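K.L.:
To start, I am sharing the structure in question, which I have written as structure tokens.
Computed from the coordinates by the stated procedures, all read-outs in this text should not be read as laboratory data. Keep in mind it's a predicted model, so treat the numbers as computed, not measured. Using ideal geometry, Cβ is built from the backbone for each residue, glycine included, and neighbour counts are taken over all protein chains shown.
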Amino acid sequence: MKNIVAPSLLSSDFSRIKEESERLNASAAQWFHLDVMDGVFVPNISFGLPIIEAFRKHTTKVLDVHAMIANPDPYINDFKSVGADILTVHYEACTHLHRTVDAIKKAGMKAGVALNPHTPVSLLMEIIHDVDMVLIMSVNPGFGGQKFIEHSVKKVRAVKAMIDEFAPDVLIEVDGGVTVENAPRLVAAGAQALVAGSTVYKSADPLKTIKALGNA
């Protein structure tokens, strides 16, 4: 597959973590995407460290943790201890983003920075050299199953231009409303990693859907 596919485990059945993990292990998906929500930064609560640790026990694939929380700094080492490989924090949630990114890397994880739909790409200029990944939110964070925000494609294109000029090794990930239909446009704009929750888990054949996203 030419694209990284990261099924969002927010849409999975937490009462069957072993079975859900085994299904993804047998798929072409390269990453597991785990959304941590605190009910403060976003208007929803999802799961925390024990769930990440439980999935870690059943897979050797990359655990891509998306921290949608108001103050991630005190939990950075905890995320590492339960098995996170990538930790993405929100630009909007970090008062001292460079310090946070540096702490993530010192803990032994790759560091990502996420932008909400309203946040301009230009704000990445002073941090783009320091991160491993930029996550473009293509819905407002907090709930799965939302409608894709169309101008996200333009936003991905703008991030790609910045990366090409200043930090060519940085990945672009897109999260929210990603489907088999809009994935080709996102990839053409510069996305390399696609998060998909409802698209995968509500499909008749999740493994086939994962492969289609990977080949978009």
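K.L.:
Can you give the helix-only mean residue ellipticity at 222 nm for the chain, where every DSSP H stretch with n ≥ 4 adds -39500 (n - 2.57) and the sum goes over all residues, rounded to the nearest 500 deg cm²/dmol?
P.N.:
The helix-only estimate for the chain comes to -8500 deg cm²/dmol at 222 nm.
K.L.:
Spin-label point model (7 Å from Cα, Cβ direction): what's the ASP102 to SER198 distance in nm?
P.N.:
About 4.1 nm separates the two model spin labels.
K.L.:
May I ask you to order 39-51, 86-98 by the average number of other C-beta atoms within 10 Å around their residues, highest value first?
P.N.:
For the peptides 39-51, 86-98, the packing ranking is 86-98, 39-51.
K.L.:
In addition: Could you sort out which of LYS106/LYS154; LYS80/LYS160; LYS61/LYS106; LYS106/LYS211 sit more than 25 Å apart by Cα distance in this structure?
P.N.:
LYS106/LYS154; LYS80/LYS160; LYS106/LYS211
K.L.:
Once the piece of chain linking ASP78 and ALA161 is laid out straight, how much longer is it, given 0.36 nm per residue of separation minus the C-alpha distance between them?
P.N.:
26.5 nm
K.L.:
Could you give me D for the range 1-128, from Stokes-Einstein at 25 °C and 0.890 mPa s, where the hydrodynamic radius is the Kirkwood radius over C-alpha pairs? Units µm² s⁻¹, please.
P.N.:
Diffusion coefficient, whole number: 162 µm²/s.
K.L.:
Would you mind getting me the FRET efficiency between VAL40 and LYS2? Use the beta-carbon distance for r and R0 = 41 Å, nearest 0.05.
P.N.:
That gives a FRET efficiency of 0.65.
K.L.:
A further question follows. Exposed loop trypsin sites (Lys or Arg not before Pro) only (DSSP loop, at most 13 other Cβ atoms within 10 Å): please give the longest stretch of the chain free of them, not including the sites.
P.N.:
Between exposed loop sites, the widest span is 58-146.
K.L.:
For the range 93-188, compute Rg over Rh where Rg is the Cα radius of gyration and Rh is the Kirkwood radius from the inverse mean 1/r over Cα pairs.
P.N.:
My calculation puts Rg/Rh at 0.97.
K.L.:
Right, next: What is the order of ASP175, ASP164, ASP73, ASP64, fewest Cβ neighbours within 10 Å to most?
P.N.:
ASP164, ASP73, ASP175, ASP64
K.L.:
Aspartates and glutamates near LYS2 by alpha-carbon distance under 15 Å, same-chain residues fewer than 8 away left out - which ones?
P.N.:
Output for LYS2: GLU173.
K.L.:
Taking the Cα-to-Cβ direction at LYS147 and at LYS211 and moving 7 Å from each Cα, how far apart do the two end points lie in nm?
P.N.:
It works out to 3.3 nm between the two label points.
K.L.:
Stick to Cα atoms and the Kirkwood definition of Rh, then tell me Rg/Rh for the range 153-216.
P.N.:
Dividing the radius of gyration by the Kirkwood radius yields 1.03.
K.L.:
Please work out how much length the chain gains when fully extended from ALA70 to ARG185, using 0.36 nm per residue of separation minus the C-alpha to C-alpha distance, in nm with one decimal.
P.N.:
38.2 nm is the gain from fully extending ALA70 to ARG185.
K.L.:
At 7 Å along Cα-to-Cβ for each site, give me the label-to-label distance between ALA28 and LYS154 in nm.
P.N.:
So the two model labels end up 3.2 nm from each other.
K.L.:
Between ASP130 and ALA54, 0.36 nm times their residue separation minus their Cα-Cα distance comes to what?
P.N.:
Result: 24.4 nm gained on full extension.
K.L.:
Can you work out the base-10 log of I(q)/I(0) for the range 71-140 at q = 0.17, 0.20 1/Å, using the Debye formula on its C-alpha atoms alone?
P.N.:
-0.56, -0.77
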